[in-house]
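Report on the following structure.
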Amino acid sequence: MKPIRFSLIILAATLMLSGCMGTRIIRKSCSDCHQKEMLKYKEGNLHKPLADNNCEACHIPHGLIGALRLKEKDAKLCYQCHEKDRSRLEKAPLHTPLTQGICLKCHNPHSSKLKGLTRVSGNDLCYLCHAKGPFAKKTIHKAVADGCDNCHNPHSSEHGYNLLEKGNKLCEKCHDVNAVKFTDGHFNYKVAGTNCLSCHTPHSSSSDKLVREYNHGPFDQRKCSDCHNSPDSKEPLKTKLQADKLCYTCHTAQENGFKKALVHSPVLKGDCTACHSPHATDQKNELLIPEKPLCYSCHKATEKRHAKKFTHTPIAKGDCSGCHDPHASDNKDALRVVGAQLCYKCHNKDGFVKTVTHAPIAQNNCLPCHDAHASDYNFELVSPVEDLCYSCHSQEKKKFNKVTRHPKVRDGACTACHNPHASEVKKLALLKEEELCFKCHSGMLREIGEQGTHPVFKEGKCLSCHDAHASNNTKQLTEEKGALCYNCHKDTKIGIQIAKYPHKPVFEEKCIDCHRPHGSKIKGLLPRPLKSLCLSCHAEFDKSLKEKDIVTHRPVADGDCQKCHSAHYSNERGLLIARGDTLCNNCHANQGDAKFVKAHGNISTKGADCLGCHEPHAGKDKRLIHKIMHTPFEKGECDRCHQKL
């Protein structure tokens, strides 16, 4: 019945959906759910698909589960309708948002009170991406104040910077360069045909007349005729002298200063204006453009070499002249100063002049390790740290090729422990030995306790036991097993050699089975309380102590195994510290006592072996008598064999 009922339900649902039962499902429009959004979008100008109530021109309906699903991504979606604009916009160069295909950077996709569905009005739209500061100085170009689109196309243009016209043609749309007033403003020089931007900024300036920020002396004083022919001459814009000869009429000191071993090519050619503006610029030292791109305009191969992950700070800041003299120098590569002295102009010399100095630093040469410009490695190193260090320390590389290597050695992180420049500690260590290791191994300090710290550990003499770099032994130990311990504990080594019975761990040189090598909160550098430590090996004995109704010898109960046993070696069986009653007398020193004598059947125990009758550790009898007894002894008839006192 169940399959039939299920089939009927499916059939009924199908009929309802198809309208066969007379009921039609009405599909909701987007505005039925998005009423708040629709009210907001109705303000101002509507995007045509929205005005036509055709949301699906851009969106894919999402159903009950909310999601922003567009038919195409970014500009591809816009071009489905704006196909005519696409061909127009494919001119080069494109405005950056268009190159990224992000029309919505500037336009609202639904509605706006502004023309073109822009997000904000006027120049504020441009300032969403472009910092406002350079456009808001003391003197603002009227075209900027009236709107950026007076000069720029907001989408694309055939001209640089998306300009509406190229060069002076754009300026001449507003400025009549042939007007008398215009000529008067330029000190009677007819400047038509010259580059307006060689003196003026197109946006805003701290000076009057939109003159750029840094002015050449004669230009700043408006003494044009100091360099140029008079305005009424046949060639008024021509300079009185050619090239550098004109410059040296004022810059006489520089002319003599440029007579050095290495002269920069433009200086050598007398072409000062290859780098400097003779009128005005926005760059210090009257450079034509910012220093870095100016240098790269000739040094193109250098620019490619500098395109690496890590860049020297002067390069990153575009300060080539911080290290190189841009005119002339007696040093290689036109450096201002040779060797490390140049580096010390920025890097504090105190950090490099210490008791122990790395050889390259001592030789006043940073470049064996660092690239002066850029590198793919941090700190502009010429190669990875490990390879760089081993390029000189090749013997150490062979020496460190062992079974166990310090993690920092294995990872090639030499500078984790060594200062690559200078240090007050031998071998260029960052800190003294007792401090350096604890930079990483601080957790070991928790092993130090009041009851015991290994002296070498307490004194920070880690290298007494460990090799700082690599070893063929575990934990980078300089020697394996007991051989290392015996370097200091010579008495123990001698004792083992002459004793009849060595403790098994001692014989096998497994010192750390019983001792912590650094420190412990338990006396004797033990890893756990003495009783627990001993029973960790003597498992059968441990099991017997847990039997029901067991009676335990007092030293065992107290966990004081060393009351009777030697921890390392002995000449007595069982590692006893003494033989027979001599051992027992340490506690039971009352053999002459009447009660003691009576308890032993009035038989003398002097010189006797107490273990002949008593269990040394535990037993069922409160007197710790052996479980199996000689019949006369069991009956208390000791005098049958022994003479009474």
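Under 5 Å between amide hydrogens, built in the peptide plane, is the criterion, and for Cys366 it picks out Ala340 among residues at least 5 positions away or on other chains.
Packing, taken as the mean count of other beta carbons within 10 Å per residue, orders the peptides 409-415, 173-179 from highest to lowest as 409-415, 173-179.
Under the Karplus relation 6.51 cos²θ - 1.76 cosθ + 1.60, θ = phi - 60°, what is the ordered set of whole-Hz ³J(HN,Hα) values for region 270-286, x standing for Gly and Pro? For region 270-286, the Karplus curve yields x, 9, 4, 6, 5, 10, 10, 8, x, 10, 8, 7, 9, 10, 4, 6, 6 Hz. Near Gly412, once Lys and Arg are set to +1 and Asp and Glu to -1 for all other residues with Cβ below 13 Å from its Cβ, the sum equals 0. Taking amide H atoms as placed 1.01 Å from N in the peptide plane, the amide H of Leu576 lies under 5 Å from those of Ser566, each 5 or more residues away in sequence or on another chain. For region 323-334, 3J(HN,Hα) computed residue by residue from phi via the Karplus equation (6.51, -1.76, 1.60; θ = phi - 60°) reads 10, 9, 7, x, 10, 7, 7, 8, 9, 4, 6, 6 Hz, glycine and proline entered as x. For Ser204, the amide hydrogen comes within under 5 Å of the amide hydrogens of His141, counting only partners 5 or more places away or on other chains and with H modelled in the peptide plane. Here mean projected area of the Cα convex hull in nm² was calculated from the structure, and among [x] 64.3; [y] 35.3; [z] 32.6 it sits at label [x].
So what's the net charge close to Cys323: Lys and Arg +1, Asp and Glu -1, counting the other residues with Cβ under 14 Å from its Cβ? Net charge in that neighbourhood comes out at -1.
The accessible surface of region 122-279, taken with every protein chain in place and a 1.4 Å probe, is 56 percent carbon and sulfur. Summary of packing: across the peptides 281-289, 343-351, the per-residue average of other C-beta atoms within 10 Å ranks them, highest first, as 281-289, 343-351. Note on region 458-487 and region 528-557: Cα centroid distance 34 Å, given to the nearest whole angstrom.
Of the GluC sites (Glu not before Pro) in region 521-624, the ones in a loop by DSSP (not H, G, I, E or B) with at most 16 other beta carbons within 10 Å are Glu547. Using the rule -39500 (n - 2.57) for each DSSP H run of four or more residues, divided by the residues of the chain, the 222 nm mean residue ellipticity is -6000 deg cm²/dmol.
When the pairs Lys105/Lys142; Lys402/Lys432; Lys132/Lys292; Lys606/Lys644; Lys402/Lys475; Lys546/Lys620 are compared against a 18 Å limit on Cα-Cα distance, Lys105/Lys142; Lys402/Lys432; Lys132/Lys292 fall above it. Region 359-406 and region 198-245 have Cα centres separated by 53 Å.
With protein chains left intact and a 1.4 Å probe, residues in the chain average 69 Å² of accessible area per residue. Kirkwood radius for region 525-615, taken over all pairs of different Cα atoms as the inverse mean of 1/r, rounds to 15.0 Å. Ordered from highest to lowest accessible area with the whole protein assembly present and a 1.4 Å probe, Asp639, Asp549 read as Asp549, Asp639. To the nearest ten degrees, helix 2-18 and the longest principal axis of the Cα atoms of the chain are 20 degrees apart.
For region 171-274, GluC sites (Glu not before Pro) are listed when DSSP marks them as loop and at most 15 other Cβ atoms sit within 10 Å of their Cβ; the list is Glu172, Glu213.
From the alpha carbon centroid of region 579-642 to that of region 129-166 is 114 Å.
A protection proxy built from the mean count of other Cβ atoms within 10 Å ranks the segments 319-326, 359-366, most packed first, as 319-326, 359-366. For region 290-420, with all protein chains in place and a probe radius of 1.4 Å, 55% of the accessible heavy-atom surface sits on carbon or sulfur.
The residues packed around Leu164, meaning those with a beta-carbon under 15 Å from its beta-carbon, carry a net charge of 0 if Lys and Arg are +1 and Asp and Glu are -1.
Computed over the Cα atoms of region 101-194, pair by distinct pair, the Kirkwood hydrodynamic radius stands at 15.7 angstrom.
The values are calculated or read from the model by the stated rules, or taken from the named source; none is laboratory data. Every value quoted in this text rests on a predicted model; they were computed, and no experiment measured them. Ideal geometry is used to build each Cβ from the backbone, glycine not excepted, and the neighbour counts take in all protein chains shown. The accessibility values were calculated without ligands, DNA or RNA, using every heavy atom of the protein model including side chains. Shrake-Rupley method; radii C 1.70, N 1.55, O 1.52, S 1.80 Å.
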